[in-house]
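Right, one structure below, let's go through it.
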Amino acid sequence: MFQLRHSGGLWRGSFSLFPDSGLSHGISTRLGGSSKWPFASCNMALHVGDLPADVWGNRRLFAEALHLDAARLVTPRQVHGDEIHIVEAADAGMGARRYDESVLACDALVTDVPDIPLMLCFADCVPLLFYDPVRRVVAASHAGWKGTAAKIGKKTVLRMQDVFGSRPQDILVGIGPAIGACCFEVDESVADAFRAAFPEAPQILSRSPVGKATVDLWAANRLQLEEAGIFSKHIDSADVCTRCNAELFYSYREAQGTTGRFAAWIALS
């Protein structure tokens with residue numbers, strides 16, 4: 001179950017599927033920070049035009065709520081691709097304060113190093129958080145429509161297997177708030193990409209009341225995770241549409257492009 005809670009002046013989401021010990025994780029909201037309009041108020045992204053000092057303050061505030069050190073967080077320059085970076089101890093702090101120091105051009109991070117928060121930013125795209133309690137590995141992936149069609153979630157599981165020996169049946173996954181099928185109208189070229197990527201799952205595509213193609217990103221990510229061997233009972237989906245709840249989460253579509261980003265965090269402790 002995905003739960004929202006309030007503490008330390010912040011609202012944050014968490015998955016009850018993940019244990020309370022040995023792990024810290026959270027999904028930020030847009031509430032409780034210091035960013036000014038149009039990024040009000042807890043923008044976590046350095047690349048959208050917000051004041052870096054405000055973003056750093058927001059990151060520190062959220063890290064404190066999770067009992068993490070914001071100065072050690074690692075975050076990438078997300079490019080809507082399927083590249084995955086293995087985070088090592090020497091990477092601690094990459095992108096924490098400066099965007100030009102972020103991990104280059106990737107959309108997923110994986111690590112077995114404790115006390116290094118992995119952080120990715122979102123505004124309608126799908127946050128995926130992974131935890132292997134047996135091998136003690138965590139990961140975070142950014143699954144926009146391109147990443148979802150490229151099956152970045154499945155590829156993250158495969159990388160956890162290849163590098164750390166994780167078994168899919170041990171991995172727990174949280175699917176965070178993102179734009180729902182209710183609001184995600186796409187053109188036919190995008191619909192075709194999903195038909196090609198998920199030929200056995202026509203239910204991922206539907207039609208809006210005005211006849212536009214719509215895509216269910218939550219279902220598409222759940223399906224590819226199950227294809228990778230993740231047990232259905234080990235997948236927890238927030239099922240919260242960011243566009244329908246734009247007062248709580250940043251939504252690129254609702255704001256027509258000028259907006260901040262909320263973040264998904266995960267770290268071994």
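Tabulated data for the structure shown
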read-out	value
Alpha-carbon centroids, the range 12-44 and the range 63-81: separation in whole Å	11 Å
Most mobile listed residue (Gly180, Gly32, Gly211) in the chain, GNM with C-alpha springs under 10 Å	Gly211
Karplus (6.51, -1.76, 1.60) ³J(HN,Hα), θ = phi - 60°, over the range 254-260, in Hz, Gly and Pro reported as x	5, 8, 6, x, 9, 6, x
Long-range amide H partners of Leu23 with built H, under 5 Å	Ser269
Top of Ala191, Ala90, Ala201 by mean-square fluctuation, Gaussian network on the chain, Cα under 10 Å	Ala90
Whether the range 54-172 is rounded, prolate or oblate, judged on the alpha carbon gyration tensor where a/c under 1.5 counts as rounded	oblate
Highest-first arrangement of 40-46, 136-142, where packing means the average Cβ count within 10 Å	136-142, 40-46
Ascending count of other beta-carbon atoms within 10 Å, so fewest first, for Ser208, Ser7, Ser166, Ser102	Ser7, Ser208, Ser102, Ser166
Overall form of the range 24-76 per C-alpha gyration tensor (a/c, 1.5; a/b vs b/c)	prolate
Relative contact order (%) - criterion: Cα under 8 Å, at least six apart; region: the chain	24 percent
Sites matching chymotrypsin sites (Phe, Trp or Tyr not before Pro) across the range 175-269 that sit in DSSP coil, with at most 15 neighbouring C-beta atoms within 10 Å	Phe231
Pairs of Cα atoms farther than 20 Å apart, the range 177-269, %	47 percent
Semi-axes of the equivalent ellipsoid for the chain, Cα gyration tensor, largest first, Å	26, 23, 16
The range 77-112: trypsin sites (Lys or Arg not before Pro) in DSSP coil with no more than 13 other Cβ atoms inside 10 Å	Arg98
Shape category assigned to the range 106-161 from the gyration tensor of Cα positions, a/c cut at 1.5	oblate
Highest-fluctuation residue, Glu188, Glu101, Glu226 considered, GNM on the chain with Cα pairs under 10 Å	Glu188
Karplus 3J(HN,Hα) series, Hz, for the range 39-53 with 6.51 cos²θ - 1.76 cosθ + 1.60 (x for Gly, Pro)	9, 4, 10, 10, 5, 9, 9, 8, 9, 9, x, 6, 5, x, 5
J(HN,Hα) series, the range 216-222, from Karplus relation 6.51 cos²θ - 1.76 cosθ + 1.60, nearest Hz, glycine and proline x	9, 5, 4, 5, 5, 6, 4
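Coordinate-derived values only; no laboratory data. Please read all numbers here as calculations on a predicted model, not as lab measurements. Glycine also receives a Cβ, built like all others from the backbone with ideal geometry; neighbour counts cover every protein chain displayed.
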